[in-house]
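This report concerns only the one structure given below.
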Amino acid sequence: MKNILTVKNLTTHYDTPQGPARAVENVSFTVKKGEMLGLIGESGCGKTTVAQSILRLIEYPGKIVTGEVDLDGKDLVNAKTSELEKIRWKDIAVIPQSAMNALNPVYSIGDQIIESILLHENISRKEALNRTKTLLELVGIDKDRWKSYPHEFSGGMKQRVAIAMALSCSPKLIISDESTTGLDVLTQAQVIALMKDLQRKLDLSIIIISHDLPLVTSICDRIAIMYAGKIVEWAGTSNILQDARHPYSKGLLDATPDLANPEKKVVSIPGTVPNLVSPPEGCRFRDRCQYAMETCAAAEPELVAVKSEHYVSCFLEKGAKYVL
Ligand SMILES: Nc1ncnc2c1ncn2[C@@H]1O[C@H](COP(=O)(O)OP(=O)(O)OP(=O)(O)O)[C@@H](O)[C@H]1O
């Protein structure tokens, strides 16, 4: 399958009075056509910074220090601002954090979808309305409700509208940043099932950003696990679930309750996430790692392939040879 997005050695820092916060460091991954990739990690590990760097929406005091972002042949790091404005929404659409609160209360939901289409495409209002009705049906909302206002919808329905809006210009990539946060568990499950269904039906490429491991493992094809600004493991979901290699990935799995196995002993990871202005030298996880060795303080482990499409950044993987 072809790569729609390639991120290579992406490094983004925020200037702070104490020095640069190294929020994203040397991050590399790809998203294939039709693939759903989960980007997962604890709060503050750099997930949103990755998304905003891809979209070039990093604002002062943040800056992309180095790295490449290629969207289907387009270099986003060096693209002109005018070009980026066209790419955002038309090529990459975002379902933001608290998407359901992002709707404007004074316009009908249909008008908001129509406006976003007309802003990016040269079609008539009638065509945009027809597309809006099709999109509403696609996300499970009666097309005649296009005249309704956001306050007439539940949180889950507003979330569906946000998805319809993201789909409105047939983007190559959708980024969902913790977009179901704030919904009750049942509604969250319905929205997630809808996204999976749409991914399959429309062959969509989606990045799901989340700190919810069960959610991500239930729908994503591949998972990239971030810790303190770095990807520590990146593999197919079944490899993460059955053969997680990085001590942090194993710790995350051990710290997650399993509804199917109520007997499972849940063990949290000792210690706390490091300050990204002065993270530990070498491996950023070493202070919390029960397997830490001298090497872990002396150098930073690279993300290497331990087997086909399974990458790990840990000195325990001695035999791994293939650098990403
Ligand atoms: N404007 C800023 N100034 C300084 N540091 C920042 C700024 N924005 C983010 N950071 C730092 O960058 C790091 C990554 O933040 P980011 O929001 O990308 O993490 P995240 O994984 O998306 O967190 P969450 O899950 O809570 O949204 C954090 O340590 C944060 O403190």
Notebook entry, point to check: Among the residues of the stretch 76-91, is any under 18 Å from the mean Cα position of the chain (by Cα), within 16 Å of the ligand (Cβ to nearest atom), crowded, with 16+ Cβ neighbours inside 10 Å and not assigned by TED's automatic domain parsing to the domain that holds Lys147?
Noted result: no
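Restricting to strands (runs of 3 or more DSSP E) lying wholly in the stretch 1-64: which have 3 or more residues that are among the polar types (S, T, N, Q)? So that I can check it myself, show each step before the final result.
Numbers: elements: 3-14, 21-32, 36-40.
Ranges flagged: 3-14, 21-32.
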Next item on the list: Look through the stretch 64-75, keep the residues that are under 19 Å from the mean Cα position of the chain (by Cα) and not aliphatic (A, V, I, L, M), and return whichever of them is surrounded by the most Cβ atoms within 10 Å (Cβ to Cβ).
Entry: Gly67
Notebook entry, point to check: Considering Leu183, Leu213, which residue is of a type in the set (A, V, I, L, M, F, W, C) and away from the ligand (no atom under 16 Å from the Cβ)?
Noted result: Leu183
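Rundown of residues vs (1) closer than 17 Å to Leu253 by Cβ; (2) out of contact with any helix residue (DSSP H, G or I) (no Cβ under 8 Å at 6 or more places or on another chain); (3) at pLDDT below 95, yes/no style:
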position: Lys264; (1), (2), (3): yes, yes, yes
position: Pro270; (1), (2), (3): yes, no, yes
position: Val277; (1), (2), (3): no, yes, no
position: Gly282; (1), (2), (3): no, no, no
position: Leu303; (1), (2), (3): no, yes, yes
position: Ser308; (1), (2), (3): no, yes, yes
position: Glu317; (1), (2), (3): no, yes, yes
position: Ala320; (1), (2), (3): no, yes, yes
Notebook entry, point to check: Pick from Ile95, Ile113: which is within 16 Å of the ligand (Cβ to nearest atom), under 25 Å from Lys158 (Cβ atoms) and among the β-branched types (Val, Ile, Thr)?
Noted result: Ile95
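The values are calculated or read from the model by the stated rules, or taken from the named source; none is laboratory data. Quantities reported herein were computed from a predicted structural model and do not represent experimental measurements. With ideal geometry, Cβ positions are generated from the backbone for all residues, glycine too; neighbour counts draw on all protein chains shown.
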